[in-house]
1. Of all residues in the range 133-183, which are assigned to a helix (DSSP H, G or I), in contact with a Leu (Cβ under 8 Å, 6 or more places away or on another chain) and more than 20 Å from Lys83 (Cβ to Cβ)?
2. Any idea how many residues of the range 158-170 are free of Cβ contacts under 8 Å to residues at least 12 places away in the same chain and not charged (D, E, K, R)?
3. Name, by its number, the condition in (1) more than 24 Å from Lys49 (Cβ to Cβ); (2) within 13 Å of the chain's Cα centre (by Cα); (3) of a type outside the set (Gly, Ala, Ser) that does not hold for Ile151.
4. Restricting the search to the range 119-132, which residues are of a type in the set (A, V, I, L, M, F, W, C) and either touching a Ser or Thr at 6+ places or on another chain (Cβ under 7 Å) or part of a strand (DSSP E or B) (or both)?
5. If you take the residues in the range 32-83 that are open to solvent by 20 Å² or more (accessible area, probe 1.4 Å) and among the aromatic types (Phe, Trp, Tyr), which one is modelled with the highest pLDDT?
6. Just checking, which of Ala92, Ala104 is surrounded by 15 or more Cβ atoms within 10 Å (Cβ to Cβ), closer than 20 Å to Val171 by Cα and in contact (Cβ under 8 Å) with a residue 12 or more places away in the chain?
Amino acid sequence: MWGAKKNLRLLLAGGLPDPRAGGLLVKSVAGGFLMSTRDNAVVDDMTLKVVTRRAPTAAELRDLAFAFRIAKHVKSNTIVYAKDCATVGIGAGQMSRVDAARIAASKAQDAAKEAGFAEPLTRGSVVASDAFFPFADGLLVAIEAGATAVIQPGGSVRDDEVIKAADDHGVAMVFTGTRHFRH
């Protein structure tokens, strides 16, 4: 079979590297390069801190961990909606977390319409943000889309405002204390 393919190149890479191992990333920029440490944070190793009156349910916690895993691998600034351990909307690489939340919700709505669903899959979903919500507005977009729980690093000077918005809408929120960064 292999011999029948023209110009076939087979690369033997050996075993996959440990995802928790440290390392460096290098990107070229005009006149030089940018070097940073590899994001080797794994949500399963994080201590999640419930910051709202309502704690997430077991199902929400499972989906929150899944969504945060996905957010790690998407271009910053990202919002990921997930439900039943499946992504239902992703808004990535935006200058504004509000725009990322809107784009992700819009994509979920479009996909639901295409599939013939009565409502978008963001209804009853959870949301992951790779970085903190600097204002409550991005969170409110997610809540309007139907999200019931949120995972984010925390660390904004306005965390209290964001937590209050979650509490006002009965949404559970957990902080990871760890920001993902992918550019």
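1. Here is the first cut: in the range 133-183, the residues assigned to a helix (DSSP H, G or I) are 136-145, 159-168.
Subset that is in contact with a Leu (Cβ under 8 Å, 6 or more places away or on another chain): 162, 165-166.
Val162, Ala165 - these are the residues of the range 133-183 that are assigned to a helix (DSSP H, G or I), in contact with a Leu (Cβ under 8 Å, 6 or more places away or on another chain) and more than 20 Å from Lys83 (Cβ to Cβ).
2. Restricting attention to the range 158-170, the residues satisfying the condition of being free of Cβ contacts under 8 Å to residues at least 12 places away in the same chain are 160, 168.
The next check asks that each one be not charged (D, E, K, R); those that pass are none.
Counting residues in the range 158-170 that are free of Cβ contacts under 8 Å to residues at least 12 places away in the same chain and not charged (D, E, K, R) gives 0.
3. Of the numbered conditions (1) more than 24 Å from Lys49 (Cβ to Cβ); (2) within 13 Å of the chain's Cα centre (by Cα); (3) of a type outside the set (Gly, Ala, Ser), the odd one out for Ile151 is (1).
4. Let us first name the residues in the range 119-132 that are of a type in the set (A, V, I, L, M, F, W, C), namely 121, 126-128, 131-132.
Val126, Val127, Ala128, Ala131, Phe132 - these are the residues of the range 119-132 that are of a type in the set (A, V, I, L, M, F, W, C) and either touching a Ser or Thr at 6+ places or on another chain (Cβ under 7 Å) or part of a strand (DSSP E or B) (or both).
5. Across the range 32-83, the extreme among qualifying residues is Phe66.
6. Answer to the check: Ala104.
The values are calculated or read from the model by the stated rules, or taken from the named source; none is laboratory data. Since the model is a prediction, treat every value here as computed from it, not as a measurement. With ideal geometry, Cβ positions are generated from the backbone for all residues, glycine too; neighbour counts draw on all protein chains shown. Surface areas here come from the heavy atoms of the whole protein model, side chains and all, with no ligands, DNA or RNA. Shrake-Rupley method; radii C 1.70, N 1.55, O 1.52, S 1.80 Å.
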